[in-house]
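Just below is one structure, and these are the notes that go with it.
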Amino acid sequence: MLNGEYGEAVAKAMKVIVKVGESLGAEELVEIKHAHASGISYYTIGDAGLRFIEDLYRLGGRVRVFSTINPVGLDLSLKYELGLSREFVEKQMRIVECLLKMGFRVSMTCTPYLIRKPGVNEHLAWGESSAVGMANSYYGAMTNREGGPIALAAALTGRIYKWGMHLEEYRIPTHLVLIDNDVSLNENLNSGLIGYIIGENIGNGIPYIKVACKPSFEAVKYLTAAAGASGSIPLVYIENVTPNHKYASIDNVVDKIRIGKKDLLRMLKDRSFSKPDLVFIGCPHATLNELIEISIKLRKYGRVCTEAFISTSRIVYDEALKLRIIDELERIGVKVLRDTCPVVCPAFKKYKFIATNSLKAFFYLKRMYGLEVEVYSENELVDILCRESLK
Ligand code: F3S
């Protein structure tokens, strides 16, 4: 591959992987089963990124393994409806078309594990920190948080450097996390807050969480996404969840953290409960369960009185469409977006104050765009959405 026997694009991709791998001290490559490329919104990569992807395609780049892509800067079915400029839509579509011609699946989601379920101990090369957190923590797979170009290069070569999360010695827990009995991990807001606190406290360590009962899939999704945002944690061992947690020794942890209700309340104490410009749910992309639950919660109120968006994947959207959940949410006034989210789509710049249930959205919308963002539980968001109609 490096010598160009598989074409120029593969040689270029392999050169990048070898260079980065050598600089990290990796000794060999490992074959991967699934690549997931992030960093493909024109909003975040601009003309340089567009050129890079088009060049790889022109040079003959084609994926060698199952490959998916992260959310992009628009909903492919609503190109101009969000008020995006012609230039933005055209350039974003050039990126998407190029990637699809290279063999990437029509995925555009940060929940690629709902498209192809990773196996235990399976090697992957995934970009997108929240997906990496789920792959390692929920499925017991092995992937680092790869940057967008590296994951793209891994898709074209089917290989990644064997380093970091691909090696057992990097997956040993460094911190023990004890959750007080007064905190339910099954409340998505709580699990996000816990993940956020863990990320802030241990940076890029490997936490091992002792839990009294098994958290839901969605709770793990919110927890790992938050831990990957406030810290850069690729793997969270959760008792009764992480497939290989029994083999993770906690004998050598360097520190212990205890998280109780008072810690969560401290993070929530400054919330204003005032009316936001926008309510946003679906970071990471909402699951079918979440869409069903929110539609049930909203059903009795007739119509929402605040703008509301839920981001989800195309695959979940189609399932929800069959079950008439999308119709129901749109009838209530909630817009369901595919392929994108407010962090990677510039149409959301116009909002000043956003309420969300996601600590990851809280982190990025505040830091990247300086928006005012507050976090609430789903029940609180329903109350905020319907407040006027409750009067
Ligand atoms: Fe996904 Fe966008 Fe959140 S890509 S994880 S919904 S920031």
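The values are calculated or read from the model by the stated rules, or taken from the named source; none is laboratory data. Computed from a prediction, not measured in an experiment: that's the story for all the values here. As a convention, Cβ positions derive from the backbone with ideal geometry for all residues, glycine included, and neighbour counts pool all protein chains shown. Calculation scope for accessible area: heavy atoms of the full protein, side chains included, ligands and nucleic acids excluded. Shrake-Rupley method; radii C 1.70, N 1.55, O 1.52, S 1.80 Å.
If both residues of a DSSP beta bridge must be in the chain, then about 10% of such bridges are antiparallel.
Put a dot 7 Å past the Cα of Asn3, heading toward its Cβ, do the same for Ile250, and the two dots end up 5.2 nm apart.
Largest GNM mean-square fluctuation across Asp47, Asp55, Asp182, computed for the chain with C-alpha springs under 10 Å, falls on Asp182. Taking 12 Å as the straight-line reach from the Cα of Lys79, the aspartates and glutamates in range (excluding those fewer than 8 positions away in the same chain) are Glu87, Glu90, Asp339. Whole-percent P(r), the chain, all Cα pairs, 20 Å bins from 0: 29, 57, 14, 0. With a cut-off of 14 Å on the backbone N, the residues of region 345-379 near the modelled label site 7 Å out from Lys300 along Cα-Cβ are 379.
Taking all protein chains together and a 1.4 Å probe, the residues Glu307, Glu218 rank Glu307, Glu218 from largest to smallest accessible area.
Rounded to the nearest 500, what is the chain's calculated 222 nm mean residue ellipticity when only DSSP H runs of at least 4 contribute -39500 (n - 2.57) each, over all residues? Numbers along the way, then the final one.
Working: 13 runs with 159 residues, N = 391.
The helix contribution divided over the chain gives -12500 deg cm²/dmol.
Label reach from Glu87 (point 7 Å along Cα→C-beta): in region 337-371, amide nitrogens under 15 Å belong to 346. Annotation: for a label point projected 7 angstrom from Cα along Cα→Cβ of Asp55, residues of region 153-177 with backbone N closer than 18 Å are 153-157. Semi-axes of the equivalent ellipsoid for region 191-326, computed as √(5λ) from the eigenvalues of its C-alpha gyration tensor and ordered from largest down, come to 32, 20, 13 Å.
Counting 0.36 nm for each residue step from Asn204 to Leu167 and taking away their Cα separation leaves a gain of 11.7 nm.
Counted residue by residue at 0.36 nm each, then reduced by the alpha carbon distance between them, the extension gain from Glu22 to Arg387 reaches 125.7 nm.
So if we plug the beta-carbon distance of Asp277 and Leu100 into 1/(1 + (r/R0)^6) with R0 = 35 Å, what FRET efficiency do we get, rounded to 0.05? Please list the in-between numbers first.
On the way: r = 34 Å, r/R0 = 0.97.
E(calc), rounded to 0.05, equals 0.55.
Given the pairs Lys12/Lys162; Lys221/Lys297; Lys214/Lys352, which are separated by over 28 angstrom at their Cα positions? In this structure, Lys214/Lys352 exceed 28 Å between Cα atoms.
Placing Arg105, Arg314, Arg171, Arg58 in order of accessible area, with the largest value first and a 1.4 Å probe, yields Arg58, Arg105, Arg314, Arg171.
Sorted by accessible area (1.4 Å probe), largest first, how do Glu200, Glu319, Glu27, Glu378 line up?
On the way: Glu200 115, Glu319 80, Glu27 175, Glu378 25 Å².
Descending order: Glu27, Glu200, Glu319, Glu378.
Assuming 0.36 nm per residue, please report the length gained on full extension of the stretch Thr44 to Lys335 beyond their Cα-Cα distance.
Details: separation 291, 0.36 × 291 = 104.76 nm, distance 2.35 nm.
Roughly 102.4 nm would be gained on extension.
The packing ranking of peptides 225-235, 267-277, highest mean first, is 225-235, 267-277, where packing means the average number of other beta carbon atoms within 10 angstrom of each residue.
Calculation over all alpha carbon pairs of region 242-391 in 5 angstrom steps from 0 returns a P(r) of 2, 8, 17, 18, 17, 14, 9, 7, 4, 2, 1, 0 percent.
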